[in-house]
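See structure below.
The values are calculated or read from the model by the stated rules, or taken from the named source; none is laboratory data. Small disclaimer: the values here were computed from a predicted structure and weren't measured. Heads up, the Cβs are rebuilt from the backbone with ideal geometry, glycines too, and the neighbour counts pull from every protein chain shown. Surface accessibility is based on the protein's heavy atoms, side chains included, excluding ligands, DNA and RNA. Shrake-Rupley method; radii C 1.70, N 1.55, O 1.52, S 1.80 Å.
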Amino acid sequence: QVQLVESGGGLVQPGGSLRLSCAASGSIFSINAMGWYRQAPGKQRELVAAITRGGRTNYAEAVKCRFTISRDNAKNTVYLQMNSLKPEDTADYYCNAKIATMFSARVDDYWGQGTQVTVSS
């Protein structure tokens, strides 16, 4: 069993900041890439940012220079620092991790339950 638990969402004014966290736990053998996705009402889920185990990152164009993804491999945790938030960043944010468990050599996708981010004045 593997669980991803997110925290840090909420309501923030335009121009404000939030920091999301996602901790993976359970029968984990190794975690490859981790990332954050978001889904706004009526829209498809989209990649926001991703980070490899070695720290290489990539970002959606819409969030470059505003959001920063990082991870702590010792804690199996990924973070998303979101600055200069805009109303269009409003969405449910989901953590994703590509994990090999102790029971299988296969790497599978795991998802968190989602955390809501609302940017509004």
Residue by residue, what Karplus-based ³J(HN,Hα) values in Hz, rounded to whole numbers, does the range 75-80 have, using 6.51, -1.76 and 1.60 with θ = phi - 60° and x for Gly and Pro? 9, 6, 10, 10, 10, 9
Would you check the accessible area of ASP109, probe 1.4 Å, heavy atoms only, in square angstrom rounded to 10? 80 Å²
Cysteines, the chain, no other Cys beta-carbon under 4.7 Å: CYS65
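For the chain, what proportion of DSSP beta bridges, expressed in % and rounded to the nearest 5, is antiparallel? Spell out each step's value before the answer.
On the way: 43 of 46 bridges.
Taking every DSSP beta bridge with both residues in the chain, the antiparallel ones total about 95 percent.
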Determine ³J(HN,Hα), in whole Hz, for all residues of the range 35-52 in sequence, where each value follows from phi through the Karplus function 6.51 cos²θ - 1.76 cosθ + 1.60 and θ = phi - 60°; x replaces Gly and Pro. x, 10, 10, 9, 9, 8, x, x, 10, 7, 5, 10, 6, 9, 7, 9, 9, 7
Phi angles of the range 113-118, converted by Karplus (6.51 cos²θ - 1.76 cosθ + 1.60, θ = phi - 60°) into ³J(HN,Hα) in whole Hz with x for Gly and Pro, give 7, x, 9, 8, 10, 10
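Here is the link list: LYS75/LYS98; LYS43/LYS75; LYS43/LYS86. Which ones come out longer than 21 Å on Cα distance?
Details: LYS75/LYS98 15 Å; LYS43/LYS75 32 Å; LYS43/LYS86 17 Å.
Correct reply: LYS43/LYS75.
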Computed label-point distance, nm, for sites LEU11 and GLU88 using a 7 Å Cα→Cβ extension: 2.4 nm
GNM of the chain, Cα pairs under 10 angstrom: of PHE103, PHE67, PHE29, the biggest fluctuation goes to PHE103
Taking amide H positions as placed in the peptide plane 1.01 Å from N, state which residues far from THR90 in sequence (5 or more) or on other chains have amide H under 5 Å from it. VAL119
